[in-house]
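Below is one structure, written out as structure tokens; the observations come after it.
The values are calculated or read from the model by the stated rules, or taken from the named source; none is laboratory data. What you see is a predicted model, and the numbers here were worked out from it, not measured in a lab. Reconstructed Cβ throughout: ideal geometry from the backbone, glycine too, with neighbour counts over all protein chains shown. For accessibility, only protein heavy atoms count, side chains too; no ligands or nucleic acids. Shrake-Rupley method; radii C 1.70, N 1.55, O 1.52, S 1.80 Å.
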Amino acid sequence: MPIDFTPVLPHTVSRATLCKDRRARAVASSMAAALALACGVVHAQPAAPGCGNLANSFGPHDYRTERGQPLYLVESAHFTPQVEALIRGATARRPGSDIDYTLRAFPNHHRALLAMVKLAEAAKTPVPPEMRYSVDCWFDRAIRFRADDYTVRMIYAGYLGRQGRADAAKQHLELVAERAGDNGFTHYNVGLVYFELRDHERALRQAHRAMALGFTRPDLRERLTAAGRWSEPTTASGAGAAAASAPAGSASSTEPAAAGIAASASGSASGAAGRP
């Protein structure tokens with residue numbers, strides 16, 4: 001089943017624990033600064049108009065593959081559970097500036113992108129409070145940084161759909177579907193987002209592709225059945241869907257994408273997920 005990542009308020013903690021957490025964040029920030037000076041500034045691609053250059057004093061790092069010390073330093077100092085749940089900031093009163101820092105260090109940080117979207121939607125503004133770029137710009141930066149991160153595109157498609165920009169959302173989903181290759185899990189996730197866009201025909205197509213590739217999780221089928229849009233694949237159509245997907249090459253197996261990501265992208269859950 002898709003994983004529900006609706007934020008849960010943290011347990012009450014003692015004053016001593018809070019002080020210890022603050023000291024840990026301060027140490028992590030100092031270590032991050034030291035690493036940045038040691039490694040130097042990364043010179044990235046030219047910036048898209050208004051969306052800033054990707055060069056940053058720390059990073060930028062790939063969220064999918066660089067999950068060691070750099071990720072720990074950033075998340076422990078800036079992307080804490082309270083920040084992710086939009087309860088409060090880690091280095092400021094509100095969470096926006098810490099999400100901003102996280103996305104400059106890890107432009108394709110899936111959970112931070114989801115938090116950024118939720119922050120903007122809660123404020124009903126295209127520019128999340130205390131953040132320097134618009135939602136569209138944060139996704140532009142993530143895609144420029146790693147164009148092959150298909151989870152980013154699915155999260156963006158969900159946001160675009162909720163903004164009434166279905167055509168733009170479907171462009172990203174079609175690209176992901178074309179490049180998903182024999183990754184049934186990715187096809188399934190694309191189908192979930194299509195379903196939330198009320199494009200039942202494409203959602204059914206993706207469900208059939210996922211099934212033909214051996215991914216048989218029932219949630220998408222159950223949703224289509226409840227909507228009166230499910231039909232069993234024929235042998236020919238299932239084989240054709242798998243064959244059509246295979247030449248494109250598989251989506252990266254290193255992505256921490258899951259059904260929860262797709263559900264979050266489409267607004268039916270909040271947060272990110274691990275592997276199936």
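Observations on the model:
- One residue from 167, 136, 98 being of a type outside the set (Val, Ile, Thr) and closer than 19 Å to residue 205 by Cα: 167
- Inclusion of residue 28 among residues that are open to solvent by less than 30 Å² (accessible area, probe 1.4 Å) and modelled with pLDDT under 50 is warranted.
- Annotation: residue 55 fulfils all but one of (1) open to solvent by 20 Å² or more (accessible area, probe 1.4 Å); (2) in contact with a Phe, Trp or Tyr (Cβ under 9 Å, 6 or more places away or on another chain); (3) among the small types (Gly, Ala, Ser); the unmet one is (2).
- Positions within segment 124-169 being over 21 Å from residue 92 (Cβ atoms), in a helix (DSSP H, G or I) and of a type in the set (A, V, I, L, M, F, W, C), in sequence order: 139, 142, 143, 145, 152, 154, 155, 157, 160, 166, 168, 169
- Residue, most open to solvent (accessible area, probe 1.4 Å), within segment 183-226, restricted to residues that are closer than 18 Å to residue 158 by Cβ, without any contact (Cβ under 8 Å) to a residue 60 or more places away in the chain and not in a helix (DSSP H, G or I): 198
- Here is the figure for segment 148-182: residues that are over 21 Å from residue 122 (Cβ atoms), among the charged types (D, E, K, R) and free of Cβ contacts under 8 Å to residues at least 40 places away in the same chain total 4.
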